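Novice: There's a structure below that I have some questions on.
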Amino acid sequence: MCKKNGASPLYIAGQNGHISAVKLLLSNKADVNLCKEDKTSPLVIACENGHEEIVRTLLKHGADLNLCTSSGASPLFIACQKGYNISAQLLIDKGAAVNMCMYNGDSPLYTACQNDHFSTVKLLLSNKAYANLGRKDKTSPLFFACQNENENLVQLLLDNGADINICDENGASPLFIACQKGYNKIVQLLLTTGANINLCTLEGFSPLVIACENGHEETVRTLLKHGANVNLCTSSRISPLFIACKKGYNISAQLLIDEGAVLNTCMYNGASHLYVACENNHISTVKLLLSNKADANLGRNDKISPLFFACHNENENLVQLLLDNGADINIRDEDGASPLLMACQKGYNKIVQLLLTTGANINLCTFNLGFSPLVMACENGHEETVRTLLKHGAKVNLCTSSGISPLFIACQKGYNISAQLLIDEGAVVNMCMYNGASPLYVACENNHISTVKLLLSNKAYANLGRKDKTSPLFIACHNGNENLVQLLLDNGADINICDEDGASPLLIACQKGYNNIVQLLLTTGANINLCTFEGFSPLALACEYGHKETVRTLLENRANINIRTIKGTAEDIARQYGNEMIVQMLKKQHCKNN
């Protein structure tokens, strides 16, 4: 009788090493090949647990030598995986298939190598195991021996015909994996035995590139000594020197340079060795490259220079080093951004000062958008940088391609200190964008009441709006900002100024249902019946949008209920939109009027 998982009494006895129980069960005709549900036989479980006498007994009673588990593991495979040599020899002597593989391609020899069972590997090779029989992913026994840094095992496999240049499915050779791991003694052994020193992976990574990437200096030295191609690049044009510079491995970089590595070659995206060292803030590597005549201005295909990235990374020492070695201070990327603009965008004021004192063009703008360093500093709220730029003579009214001035952008963001600095240096307070939006308008649009106060105190025109005639007061009403509405009214804003459609500040407040603002406008003198060009009155809009309290306020202030629009009277509109309570309010007012 078997357990739920299919384990028979013989299986359990074999698993636990009870030889007498095994013999008793076999003498009573127990099925020697009866497996568990996962097809693990008594012989397999005895091999797995190293019970040699039970293995011998099971074989004597006719156990199937090559009966495999559900994953394809034979008894010999299991014995070799565990390094149980006596059991392995017993199985081989009975005719076990030495080269029978699991479903994933693992052979007994492979698993013995994988687990560093040197004596088991010897045993298998002496019994005609194939030295190159690996897995389905083409990982060979030699590959795994190299990966495990087992020098004796590597030598044994080579002595028994292992292919020294056999590669896995990614094209990685035994030498490649040894270089990746930095196992220099194995690297030397492979090279002296004839390994192809420049054999690359499918992505073009050579043993030298992988040694550089992982910082294995002695391995780099060994490879160069044996003639590795110092300029052999990957498929993405990464050279050994590039990867060493990217990682900041200076000793490897110098070894490569000494052997003739080309300094100014670039990746497919144009990134040079110097650029990638700057990108990763490896200042000592940058020094090394510059001392070996690297081009200080060689950057990427998008024209981002080493100096640009040093500024981006806020590395002041690196910026100084590059400038001292001939870096072009005004070199621009494909968008026209200069190192100074980048430093201003980030607010790295010390670097800004360094660049300006070294001769950077303070007003150099980007190409299409026309953003100046000052605009960029204002946009990002870097007040000290704004102060520095103004101190060095930046043009305070230099606008972008769309007419955005430094003051406009500061007011849009609500950066009052920057705005005041600009005004103090002569910024035109009423300079507008191409759409007519003024600094005051954009401050109102973004509800920056303190900025509005600042502008009004500096003689900003309270009625200067956009080309569509939308005024600061209109947008303040649109946003429901009662305090801002009051501020504008106190400073001379025209209460009845209309946009290009004839909409007044009162009309937009009624449309939105901002009743406090409606009351404020009416008490300040707003024309209650001022209609749009299509004839819509404030009352009509309040009725359409169902703002009962606003309708009540308008009626209390004697709004004309008889004005007719294309949709009819206010009462018609209220009925059309299902606002029955408003309909009743209007009827009541109509009766009162009559």
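Novice: Does region 299-346 hold any residues that are under 24 Å from the mean Cα position of the chain (by Cα), in a loop (DSSP other than H, G, I, E, B) and closer than 25 Å to Asn368 by Cβ, and which are they?
Specialist: Those that are under 24 Å from the mean Cα position of the chain (by Cα), in a loop (DSSP other than H, G, I, E, B) and closer than 25 Å to Asn368 by Cβ: Gly299, Arg300, Asn301, Asp302, Lys303, Ile304, Ser305, Asp333, Glu334, Asp335, Ala337.
Novice: While we're on this one: Only helices (runs of 4 or more DSSP H) wholly contained in region 415-524 count here; list those with 2 or more residues that are assigned by the TED database to the domain that holds Cys543. Break it down stepwise before answering.
Specialist: Values: elements: 416-424, 439-445, 449-457, 472-478, 482-490, 505-512, 515-523.
Qualifying helices (runs of 4 or more DSSP H): 472-478, 482-490, 505-512, 515-523.
Novice: Among the candidates Asn301, Asn280, Asn269, which residue alone is closer than 20 Å to Arg237 by Cβ and in contact with a strand residue (DSSP E or B) (Cβ under 9 Å, 6 or more places away or on another chain)? So that I can check it myself, show each step before the final result.
Specialist: Working: Asn280 fails: in contact with a strand residue (DSSP E or B) (Cβ under 9 Å, 6 or more places away or on another chain); Asn269 fails: in contact with a strand residue (DSSP E or B) (Cβ under 9 Å, 6 or more places away or on another chain).
None of the other options fit; the residue is Asn301.
Novice: What number of residues within region 12-44 satisfy the criterion of being among the polar types (S, T, N, Q), part of a loop (DSSP other than H, G, I, E, B) and surrounded by fewer than 17 Cβ atoms within 10 Å (Cβ to Cβ)? Working first, answer last.
Specialist: Taking region 12-44 and keeping what is among the polar types (S, T, N, Q), we get 15-16, 20, 27-28, 33, 40-41.
Now restrict to residues that are part of a loop (DSSP other than H, G, I, E, B): 28, 33, 40-41.
Right, trim to surrounded by fewer than 17 Cβ atoms within 10 Å (Cβ to Cβ) and you get 28, 33.
Count: 2.
Novice: Inspect region 212-221 for any residue being assigned to a helix (DSSP H, G or I) and within 26 Å of the chain's Cα centre (by Cα) and give the result as yes or no.
Specialist: yes
Novice: Same structure, new question: If only one of Gly182, Gly105 is modelled with pLDDT of 95 or more and not polar (S, T, N, Q), which one is it? If you could, list the steps in order and put the result at the bottom.
Specialist: On the way: Gly105 fails: modelled with pLDDT of 95 or more.
Of Gly182, Gly105, the one residue that is modelled with pLDDT of 95 or more and not polar (S, T, N, Q) is Gly182.
Novice: Which ones in region 469-523 are of a type in the set (Ser, Thr, Tyr), within 18 Å of Ala437 (Cβ to Cβ) and touching a Pro at 6+ places or on another chain (Cβ under 9 Å)?
Specialist: Residues of region 469-523 of a type in the set (Ser, Thr, Tyr): 470-471, 504, 514, 523.
Then keep just the ones that are within 18 Å of Ala437 (Cβ to Cβ); that gives 470-471.
Answer for region 469-523, where residues must be of a type in the set (Ser, Thr, Tyr), within 18 Å of Ala437 (Cβ to Cβ) and touching a Pro at 6+ places or on another chain (Cβ under 9 Å): just Ser471.
The rows are residues; the columns are (1) without any contact (Cβ under 8 Å) to a residue 60 or more places away in the chain; (2) touching a Gly at 6+ places or on another chain (Cβ under 8 Å); (3) surrounded by fewer than 22 Cβ atoms within 10 Å (Cβ to Cβ).
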site	(1), (2), (3)
Leu65	yes, yes, yes
Ser71	yes, no, yes
Pro75	yes, no, no
Lys82	yes, yes, yes
Ile86	yes, no, yes
Leu91	yes, no, no
Lys94	yes, no, yes
Asn99	yes, no, yes
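Novice: Now for a separate question. Taking only pairs six or more apart or across chains, which ones have beta-carbon atoms under 6 Å, a first residue in region 28-46 that is within 26 Å of Asn85 (Cβ to Cβ), and a second residue that is of a type in the set (D, E, K, R) and modelled with pLDDT of 85 or more?
Specialist: Asn33/Asp64
Novice: Select from region 555-594 the residues that are among the hydrophobic types (A, V, I, L, M, F, W, C) and either assigned to a loop (DSSP other than H, G, I, E, B) or in contact (Cβ under 8 Å) with a residue 24 or more places away in the chain (or both) and list them in ascending order. It would help to see each step written out before you state the result.
Specialist: Within region 555-594, the subset among the hydrophobic types (A, V, I, L, M, F, W, C) is 555, 559, 561, 563, 566, 570, 573-574, 581-583, 585-586, 591.
The answer is Leu555, Ala559, Ile561, Ile563, Ile566, Ala570, Ile573, Ala574, Met581, Ile582, Met585, Leu586.
Novice: Is at least one residue of region 517-534 of a type in the set (D, E, K, R) and at pLDDT 95 or above?
Specialist: no
Novice: Do you know which residues across region 407-437 are without any contact (Cβ under 8 Å) to a residue 40 or more places away in the chain and of a type in the set (Ser, Thr, Tyr)?
Specialist: Listed by number, the residues that qualify are Tyr415, Tyr434.
Novice: Considering each residue of region 259-298, count those that are more than 26 Å from Glu203 (Cβ to Cβ) and within 22 Å of the chain's Cα centre (by Cα), and give that number.
Specialist: Qualifying residue count, region 259-298: 1.
Novice: Let me ask something additional. Given the conditions (1) polar (S, T, N, Q); (2) assigned to a loop (DSSP other than H, G, I, E, B); (3) under 20 Å from Asp468 (Cα atoms), which single one is not true for Asn527?
Specialist: (3)
Novice: Okay, moving on. Restricting to region 249-294, what's the tally of residues that are surrounded by fewer than 18 Cβ atoms within 10 Å (Cβ to Cβ) and part of a loop (DSSP other than H, G, I, E, B)?
Specialist: 11
Novice: Could I ask something else about it? Is there any pair linking a residue in region 222-248 that is at pLDDT below 95 to one that is of a type in the set (D, E, K, R), with Cβ under 7 Å and at least six apart or on different chains, and which?
Specialist: The qualifying pairs are Thr234/Glu203; Ser235/Glu203.
Novice: From Thr366, Thr388, Thr358, which residue is within 26 Å of Asp295 (Cβ to Cβ), among the polar types (S, T, N, Q) and touching a helix residue (DSSP H, G or I) at 6+ places or on another chain (Cβ under 6 Å)? Working first, answer last.
Specialist: On the way: Thr366 fails: touching a helix residue (DSSP H, G or I) at 6+ places or on another chain (Cβ under 6 Å); Thr388 fails: within 26 Å of Asp295 (Cβ to Cβ).
Being within 26 Å of Asp295 (Cβ to Cβ), among the polar types (S, T, N, Q) and touching a helix residue (DSSP H, G or I) at 6+ places or on another chain (Cβ under 6 Å) holds for just one of Thr366, Thr388, Thr358, which is Thr358.
Novice: Which of the residues belonging to region 535-554 are farther than 16 Å from Asn593 by Cβ and in a loop (DSSP other than H, G, I, E, B)?
Specialist: Scanning region 535-554 gives Gly535, Phe536, Tyr545, Gly546, His547.
Novice: With the requirement that a residue be at pLDDT below 95 and loosely packed, with under 15 Cβ neighbours inside 10 Å, what does region 129-160 give you?
Specialist: Once the filter is applied, which keeps residues that are at pLDDT below 95 and loosely packed, with under 15 Cβ neighbours inside 10 Å, region 129-160 yields Lys136, Asp137.
Novice: Determine which member of the set Tyr545, Tyr461 is among the aromatic types (Phe, Trp, Tyr) and more than 25 Å from Met433 (Cβ to Cβ). Write out each step before concluding.
Specialist: Numbers: Tyr461 fails: more than 25 Å from Met433 (Cβ to Cβ).
After ruling out the rest, the residue left standing is Tyr545.
Novice: On to the next question. With the requirement that a residue be under 17 Å from Leu390 (Cα atoms) and either surrounded by fewer than 24 Cβ atoms within 10 Å (Cβ to Cβ) or polar (S, T, N, Q) (or both), what does region 329-341 give you? If you could, list the steps in order and put the result at the bottom.
Specialist: Keep residues of region 329-341 that are under 17 Å from Leu390 (Cα atoms), which gives 340-341.
If the condition is that a residue be under 17 Å from Leu390 (Cα atoms) and either surrounded by fewer than 24 Cβ atoms within 10 Å (Cβ to Cβ) or polar (S, T, N, Q) (or both), then no residue fits.
Novice: Could you tell me how many of the residues in region 347-390 are part of a helix (DSSP H, G or I), surrounded by fewer than 17 Cβ atoms within 10 Å (Cβ to Cβ) and within 31 Å of the chain's Cα centre (by Cα)? Quick ask: steps written out before the conclusion?
Specialist: Initial filter on region 347-390 (part of a helix (DSSP H, G or I)): 349-357, 373-379, 383-390.
If we keep only those that are surrounded by fewer than 17 Cβ atoms within 10 Å (Cβ to Cβ) too, we end up with 350, 357, 384, 387.
Pick out the ones that are also within 31 Å of the chain's Cα centre (by Cα) and you get 350, 384.
Counting residues in region 347-390 that are part of a helix (DSSP H, G or I), surrounded by fewer than 17 Cβ atoms within 10 Å (Cβ to Cβ) and within 31 Å of the chain's Cα centre (by Cα) gives 2.
Novice: Working only within region 161-177, note down all residues that are crowded, with 24+ Cβ neighbours inside 10 Å, farther than 23 Å from Leu123 by Cβ and over 31 Å from the mean Cα position of the chain (by Cα).
Specialist: Answer for region 161-177, where residues must be crowded, with 24+ Cβ neighbours inside 10 Å, farther than 23 Å from Leu123 by Cβ and over 31 Å from the mean Cα position of the chain (by Cα): Ser173, Leu175.
Novice: Determine whether region 44-61 contains at least one residue that is basic (Lys, Arg) and either at positive phi or at pLDDT 85 or above (or both). Walk me through it before giving the result.
Specialist: First pass over region 44-61, keeping only residues basic (Lys, Arg): 56, 60.
Applying the additional criterion that residues be either at positive phi or at pLDDT 85 or above (or both) yields 56, 60.
Checked against the condition, which is being basic (Lys, Arg) and either at positive phi or at pLDDT 85 or above (or both), region 44-61 yields at least one hit.
Novice: So, one more: Among the residues that make up region 108-130, is at least one of them outside any helix (DSSP H, G or I), touching a Phe, Trp or Tyr at 6+ places or on another chain (Cβ under 8 Å), touching a residue at least 24 places away in the same chain (Cβ under 8 Å) and of a type outside the set (Val, Ile, Thr)? Full working, then the answer.
Specialist: Going residue by residue through region 108-130, those that are outside any helix (DSSP H, G or I) are 115-117, 127-130.
Subset that is touching a Phe, Trp or Tyr at 6+ places or on another chain (Cβ under 8 Å): none.
No, the conditions are met nowhere in region 108-130.
Novice: Surrounded by fewer than 21 Cβ atoms within 10 Å (Cβ to Cβ), among the charged types (D, E, K, R) and in contact with a Ser or Thr (Cβ under 8 Å, 6 or more places away or on another chain), is that true of Asp324? Don't jump to the end; show me each part of the working.
Specialist: Working: surrounded by fewer than 21 Cβ atoms within 10 Å (Cβ to Cβ): yes; among the charged types (D, E, K, R): yes; in contact with a Ser or Thr (Cβ under 8 Å, 6 or more places away or on another chain): no.
Judged against the criteria, Asp324 is not a match.
Novice: Also, I was wondering about something else. Contact list please: Cβ distance under 7 Å, first residue in region 488-517 and buried (at least 24 other Cβ atoms within 10 Å of the Cβ), second residue acidic (Asp, Glu), pairs at least six apart or on different chains.
Specialist: Here the result reads Ile517/Glu482, each pair linking region 488-517 to a residue that is acidic (Asp, Glu).
The values are calculated or read from the model by the stated rules, or taken from the named source; none is laboratory data. Not measured: the values here are computed from a predicted model. Backbone-built Cβ (ideal geometry, glycine too); neighbour counts: all protein chains shown.
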